[in-house]
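Values quoted throughout were computed directly from the atomic coordinates according to the rules given, and no laboratory measurement underlies them. Because the structure is predicted, anything quoted here is derived from the model rather than measured. Positions of Cβ are backbone-derived with ideal geometry, glycine not excepted, and every protein chain shown enters the neighbour counts.
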Amino acid sequence: MGEFSIWHWLVILAIVLIIFGTKKLRNVGSDLGGAIKNFKQAMKEESDKAEVADTTTAAVEAPKIERQTAKAPRARAAAASRSSKAKNGSRSKKTA
């Protein structure tokens, strides 16, 4: 008794068609289809934005790492030249 047979569904469909008419049902169907299409498009755009943000972040971080490794030998060389200048400067003061 709690189950609906095919005849129950056909009667319900006939009543809905009589009340709303085919034109309104067609409009509801196209509106629902348009809403689903827009939802899928928005989800695709969000995933595209996330992918672009991930690649942008990776591209920004990579040069920073390269710069840090490139600066390390320069810093050592600069420190070495400063220490040699300091040594040379102190010797020249002693002799002068």
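For the range 1-48, applying the loop criterion from DSSP together with a ceiling of 14 other beta carbons within 10 Å to the chymotrypsin sites (Phe, Trp or Tyr not before Pro) yields F4.
Can you tell me what the convex hull of the Cα atoms of the range 1-57 projects to on average, as an area in nm²? Don't skip to the answer; put the middle values down first.
On the way: hull surface 26.6 nm².
Value for the range 1-57: 6.7 nm².
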